[in-house]
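Visitor: Questions regarding the structure given below will be posed in turn.
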Amino acid sequence: MAGDRSPTEERTMEKIVSLCRRRGFLFQSSEIYGGMNGCWDYGPLGVELKRNVKDAWWQDMVSRHDDSRPLEGAPASFEMVGLDCTIIMHPQVWKCSGHYDLFHDEMVDCRETKKRYRFDQIRARWALAKGRRVCIAVIADAEEEHEIATARAMKHFRLRAKNAEELSWDGEFFGLDELGDTSEVLAPDAKEVGTLTEPREFNLMFQTNVGAMVDADATAFLRPETAQGIFVNFKNVVDSSRVSIPFGVAQVGKSFRNEITPRNFTFRSREFEQMEIEFFCHPSESAEWYRYWRDRRLSWYHRYGLAGEHLRMREHEADELSHYSTGTADIEYAFPFLAEGDFGELEGVAHRGDFDLRSHSEGKLDPSSNPLTVQRGEDGKPVHRGSGKDLSYRDPVTNERFLPHVIEPSAGADRATLAFLCEAYTEDEAPDDAGKLQSRTVLRFHPRLAPVKAAVLPLVKKDGMPEHAQALYRELKQEFPTYYDEKAAVGRRYRRQDEIGTPFCITVDGESLSDGTVTLRERDSMEQRRVSPDEVVSIIRDAIRG
Ligand code: ATP
């Protein structure tokens, strides 16, 4: 499948973005009004693809999970249940989780262009010409940064193309945080040097007001992650269902982050979907469960076609870990918009200890006060803002009472969808109707993820073939998403399906009318075989199950 693809095959982001737009996978949000930065709409094919990614995750992790025996590699059998929590929650949740006080990025403004940038995303390099030196800043993909910096430096030093050799560079690109001050920096898009402000902190949560009054007591936030909904419902789940530790709770849903510089297509959006599991276990077993979830989540991506050198798991170094975590691993993918050798995070698997449940239990806020203002105890120290409710767990067999540890595999549905799209994108050659080789674009999706599973094509638009094909189409459509296409030569129709990743094309020809058999063409190998209509459904079903 897609994982076999050679890394030398070309898969530029530009081509993938253009295919996504042309064939209806993804559109810019509010495009007719000039677009909404950091927001993306999934088109008719994109919505199916993303739903298949989320369904595959939910079915594999929750609904088809077998809790009657330990799964391969798991220390014991366990249960998995789901939740669907609100996007707007009590503001104290975010105070307690640390998001209100700590969830920020540093940003800088440009006094000249009035543009705002994430400080850590600006890259810069010292340029020398005409006896002067200036630090050229860019916000660009790694493959473009040199080109853009050169064009800006040439303009800044007023050099013509024929004098290009007068420009030289001192050192490589670096992050602006390595620079003491920004007075010699030419900001991205600016004409003057030294127009960047000092970096300032910027909270990533979207703020809103609940109810008719717009005052401090009405402030609420759109959730920046789905995880907290699971923690605050921990006791509800334990008390209302038959689960006992170890067990996991899963949630899929929208999250919002006011990213300062959203970029790289859907990779960094302001509105996106997460697929998160909080797995609750006994502290003495948590290290083992951490290893289990890390390995299991990596193999999930393998199963659907991300493999080889484009996918890797990276254990965080000790100095990268949050203070409460004893282990975190990122599952990363080499997206084509990144520089050679760079990877972007698809999912983080974290050992969170008892940090979250402890935090939500400890401390108690005076209910009449605003949960967001600092409240101090008698000793003058800020009061921790937990719920004051006991969120510990009592083991029904041993009667032991403890605060469970949590392992959190936290994935992004949009990033996973984008990675599957990038990995599936392939260019190769296929014979046209005259048998001549022509280039073709194929999305080699795993059949379970493919938005359309089969296309039914009458060989010609006459002799009863369309009627026969339509009857088959209607039958297949009851089983899985199927297309019917009778327009253009059959080779072109195959190519149209290859380009959207349809794994099977079924052609109805003269022979079909007499003995009922059809030709089944497989997308990747382009092999064709004659099969009976009864076989078609089971062949496709088996491939989807894969
Ligand atoms: P990054 O460092 O890339 O900002 P993060 O470490 O902040 O990501 P988490 O808070 O661990 O991300 O969120 C879990 C997952 O949610 C990420 O692995 C990613 O798949 C997804 N995610 C986070 N932020 C975004 C975003 N702005 N756009 C799309 N997906 C996102």
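What follows is calculated from the coordinates using simple rules that are stated; it is not laboratory data. If you're wondering where the values come from, they're calculated on a predicted model, not measured in any experiment. Positions of Cβ are generated from backbone atoms using ideal geometry, with glycine treated the same way; all protein chains shown enter the neighbour counts.
Visitor: Among GLY171, ALA227, MET465, pick out the residue whose Cα is farthest towards the positive end of the charge dipole of the chain, where Lys and Arg carry +1 and Asp and Glu carry -1 on C-beta, about the Cα centre.
Guide: With unit charges placed on the Cβ atoms, the residue in question is MET465.
Visitor: Compute the signed sum of charges (Lys and Arg +1, Asp and Glu -1) over the other residues within less than 13 Å, Cβ to Cβ, of HIS405.
Guide: Numbers: positive: ARG352, ARG358; negative: GLU278, GLU285, GLU288, ASP354, ASP356, GLU408.
Cβ neighbours under 13 Å give a net charge of -4.
Visitor: Over the range 425-546, what portion of Cα pair distances is larger than 16 Å, expressed as a whole percent? Write out the running numbers ahead of the final one.
Guide: Values: 4242 of 7381 pairs.
Cα-Cα pairs of the range 425-546 separated by over 16 Å account for 57 percent.
Visitor: Let me ask something additional. Restricting the count to DSSP beta bridges whose residues both fall in the range 395-546, what percent are antiparallel, rounded to a multiple of 5?
Guide: Values: 15 of 23 bridges.
Just about 65 percent of them are antiparallel.
Visitor: Across 5 Å bins from 0, what is the distribution of all Cα-Cα pair distances for the range 153-308, in whole percents?
Guide: Computed distribution, short to long bins: 1, 6, 8, 10, 12, 12, 11, 10, 9, 8, 6, 4, 2, 1, 1, 0.
Visitor: What ranking do GLU276, GLU225 get, fewest neighbouring Cβ atoms within 10 angstrom at the top?
Guide: Working: GLU276 24, GLU225 20.
Ordered from fewest to most neighbouring Cβ atoms within 10 Å, GLU276, GLU225 come out as GLU225, GLU276.
Visitor: Could you tell me whether the range 275-330 comes out rounded, prolate or oblate from its Cα gyration tensor? Rule is a ≥ b ≥ c as square roots of the eigenvalues, rounded for a/c under 1.5, then prolate if a/b exceeds b/c, otherwise oblate. The partial results should precede the final answer.
Guide: Working: a/c = 2.48, a/b = 1.45, b/c = 1.71.
It is oblate, given that a/c is not under 1.5 and a/b is not larger than b/c.
Visitor: Restricting to DSSP loop positions (anything but H, G, I, E, B) with no more than 15 other Cβ atoms inside 10 Å of their own Cβ, which trypsin sites (Lys or Arg not before Pro) remain in the range 389-435?
Guide: Details: sites: LYS389, ARG394, ARG401, ARG415; in loops: LYS389.
Here the sparse-neighbourhood loop sites are LYS389.
Visitor: Tally Lys and Arg at +1 and Asp and Glu at -1 over the other residues with C-beta under 11 Å from the C-beta of LYS115: what net charge comes out? Before the final figure, lay out the partial values.
Guide: Working: positive: ARG111, LYS114, ARG116; negative: ASP109, GLU112, ASP189.
Computed value for this residue: 0.
Visitor: Given the -39500 (n - 2.57) contribution per DSSP H run of 4+ residues, what per-residue ellipticity at 222 nm results for the chain, rounded to the nearest 500 deg cm²/dmol? Intermediate results must be reported in sequence, preceding the final value.
Guide: Details: 14 runs with 144 residues, N = 546.
The helix contribution divided over the chain gives -8000 deg cm²/dmol.
Visitor: For the range 41-84, just say rounded, prolate or oblate: build the C-alpha gyration tensor, square-root its eigenvalues into a ≥ b ≥ c, call rounded for a/c under 1.5, and beyond that prolate if a/b exceeds b/c, oblate if not. It would help to have the intermediate numbers written out before the result.
Guide: Numbers: a/c = 4.30, a/b = 2.80, b/c = 1.54.
Judged from the Cα gyration tensor, the range 41-84 comes out prolate (a/c at least 1.5, a/b above b/c).
Visitor: What's the long-distance tail for the range 156-205, i.e. % of Cα pairs beyond 12 Å?
Guide: Of all Cα-Cα pairs in the range 156-205, 76 percent lie more than 12 Å apart.
Visitor: Would you mind ranking ILE506, ILE544, ILE88 by Cβ crowding within 10 Å, fewest neighbours first?
Guide: Working: ILE506 23, ILE544 18, ILE88 12.
Final ranking by Cβ density, sparse to dense: ILE88, ILE544, ILE506.
Visitor: Shifting gears a bit: Please arrange SER325, SER240 by counting, for each residue, the other beta carbons lying within 10 Å of its beta carbon, fewest first. Don't skip to the answer; put the middle values down first.
Guide: On the way: SER325 16, SER240 10.
Going from least to most buried by this count: SER240, SER325.
Visitor: Compute the Rg to Rh ratio over the range 323-370 from the alpha carbon atoms, using the Kirkwood formula for Rh, and round to two decimal places.
Guide: On the way: Rg = 18.3 Å, Rh = 14.1 Å.
Taking Rh as the inverse mean 1/r over Cα pairs, Rg/Rh reads 1.29.
Visitor: Let me ask you something else. Based on the Cα gyration tensor of the chain, what are the three equivalent ellipsoid semi-axes, each the root of five times an eigenvalue, rounded to whole Å and given largest first? If you can, show how the numbers build up before the last one.
Guide: On the way: eigenvalues 392, 283, 84 Å².
Computed over the chain, the values are 44, 38, 21 Å.
Visitor: Can you bin the range 1-112 into rounded, prolate or oblate? Criterion: square roots of the alpha carbon gyration tensor eigenvalues sorted a ≥ b ≥ c, rounded for a/c under 1.5, prolate for a/b above b/c, oblate for the rest. Can you show the working numbers first?
Guide: Numbers: a/c = 1.94, a/b = 1.16, b/c = 1.67.
Here the range 1-112 falls in the oblate category.
Visitor: Select from GLY491, GLY510, VAL531 the residue farthest towards the positive end of the dipole of the range 485-535; place +1 on Cβ of Lys and Arg, -1 on Cβ of Asp and Glu, and compute about the Cα centre.
Guide: The residue sitting farthest along the positive end of the dipole is GLY491.
Visitor: Which value, in debye to the nearest 20, describes the size of the charge dipole of the chain about its Cα centre when Lys and Arg Cβ atoms bear +1, Asp and Glu Cβ atoms bear -1, and nothing else is charged?
Guide: Here the size comes out at about 1360 debye.
Visitor: Ok, one more. Have a look at GLY305, SER322, SER269 and report the one farthest towards the positive end of the charge dipole of the range 268-333, computed about the Cα centre with Cβ charges (Lys/Arg +1, Asp/Glu -1).
Guide: Going by the Cα projections, it comes out as GLY305.
Visitor: Please report, to one decimal in angstroms, the Kirkwood hydrodynamic radius of the range 344-388 built from all distinct Cα-Cα pairs.
Guide: So the Kirkwood estimate lands at 12.6 Å.
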